[in-house]
Amino acid sequence: MKTRLFYAILVAVGICLQGCTTSYAKDREDAKETPAGERLEISFRFQRGGIASSQYAIWIEDETGKLVRTLYVTSFTAKGGYEYRKDAVPVWTSKAKPQTLSSAQVDAITGATPRNGVLTYQWDGTDNNGNRVPAGKYTFFVEGTLYWKSRVIYSGELDWGGKGQDSIPVEARCFNLSKTNENMIAGLKARHLKK
């Protein structure tokens, strides 16, 4: 009887662990507040599509247009999908140059395509090397490949080190828009929070 109970508990724990994806764990890690209490928070509703869809990337650029931090990119794209699916988040691919990144660098920014629901990503003011960025103007980008060449890029600006904003104005640019999977990323909101 004790042996059966032990195995039942092991199976239950295994099922729970399988449900915890890499992206979920990364979200929780990124959600830790910075010592200064300043952070950028980006959230949106995500709805997975079918074939040739559901790829997205989130990154931060400085005022010169240099990519300073990739917060997240779907594993398929960063781990080689960009080579044979040229329409998979092409702006991020051209900026981040994933072909030049080591496996460890790619693993640090990727995760499995998440499940449907509201997703939240946070930036703590550090670059891809973990160094604090200087105060100044930064732009965040969320690029999504909705269906084949149909994609959207959301962006917004913030003054890091300056006054926080409870709601950052977000611009959306659409390319080759198709009705298929057009709501993959919806209701995107961004906040620049300070203690």
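For this structure, a couple of remarks:
- Top-ranked residue in the stretch 159-184 [being out of contact with any Leu (no Cβ under 6 Å at 6 or more places or on another chain) and on the phi > 0 side of the Ramachandran plot; ranked as surrounded by the most Cβ atoms within 10 Å (Cβ to Cβ)]: Gly161
Okay, residues lined up against (1) of a type in the set (D, E, K, R); (2) surrounded by fewer than 18 Cβ atoms within 10 Å (Cβ to Cβ); (3) out of contact with any Phe, Trp or Tyr (no Cβ under 9 Å at 6 or more places or on another chain); (4) assigned to a loop (DSSP other than H, G, I, E, B):
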| site | (1), (2), (3), (4) |
| --- | --- |
| Ala52 | no, yes, no, yes |
| Gly65 | no, yes, yes, yes |
| Thr77 | no, no, no, no |
| Glu83 | yes, yes, yes, no |
| Gln122 | no, no, yes, no |
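- Extreme residue, nearest to Phe175 (Cα to Cα), among residues of the stretch 44-67 that are of a type in the set (A, V, I, L, M) and modelled with pLDDT under 95: Ala52
- Lone qualifier among Gly136, Gly156, Gly117 - being of a type outside the set (A, V, I, L, M, F, W, C), touching a residue at least 12 places away in the same chain (Cβ under 8 Å) and surrounded by 14 or more Cβ atoms within 10 Å (Cβ to Cβ): Gly156
- Against the list (1) of a type in the set (Lys, Arg); (2) buried (at least 17 other Cβ atoms within 10 Å of the Cβ); (3) farther than 24 Å from Val89 by Cα, the condition Arg151 fails is (3).
- If the condition is being out of contact with any Leu (no Cβ under 7 Å at 6 or more places or on another chain), assigned to a strand (DSSP E or B) and not small (Gly, Ala, Ser), then the stretch 185-195 contributes Ile185, Leu188, Lys189, Arg191, Leu193.
- Condition met for Gly187 (within 16 Å of Tyr56 (Cβ to Cβ), touching a residue at least 12 places away in the same chain (Cβ under 8 Å), surrounded by fewer than 12 Cβ atoms within 10 Å (Cβ to Cβ) and out of contact with any Gly (no Cβ under 7 Å at 6 or more places or on another chain)): yes
- Considering residues of the stretch 148-190 that are within 24 Å of Pro134 (Cβ to Cβ) and small (Gly, Ala, Ser) only, the residue farthest from the chain's Cα centre (by Cα): Gly162
- Any hit, the stretch 159-180, residues being at pLDDT 90 or above and under 15 Å from Arg69 (Cβ atoms): yes
- Criterion: of a type in the set (Ser, Thr, Tyr), at pLDDT below 95, surrounded by 13 or more Cβ atoms within 10 Å (Cβ to Cβ) and within 20 Å of Ser103 (Cα to Cα) - qualifying residue of Thr34, Thr22, Thr70: Thr22
- Of all the numbered requirements in (1) surrounded by fewer than 21 Cβ atoms within 10 Å (Cβ to Cβ); (2) outside any helix (DSSP H, G or I), Val142 misses one, and that requirement is (1).
- Search result, residues across the stretch 89-107 that are loosely packed, with under 14 Cβ neighbours inside 10 Å and not in a loop (DSSP other than H, G, I, E, B): Ser94, Gln99, Thr100, Ser103, Ala104
The values are calculated or read from the model by the stated rules, or taken from the named source; none is laboratory data. Here the structure is a predicted model, which means the values were calculated and not measured. In this analysis, Cβ positions are derived from the backbone assuming ideal geometry, glycine residues included, and neighbour counts consider all displayed protein chains.
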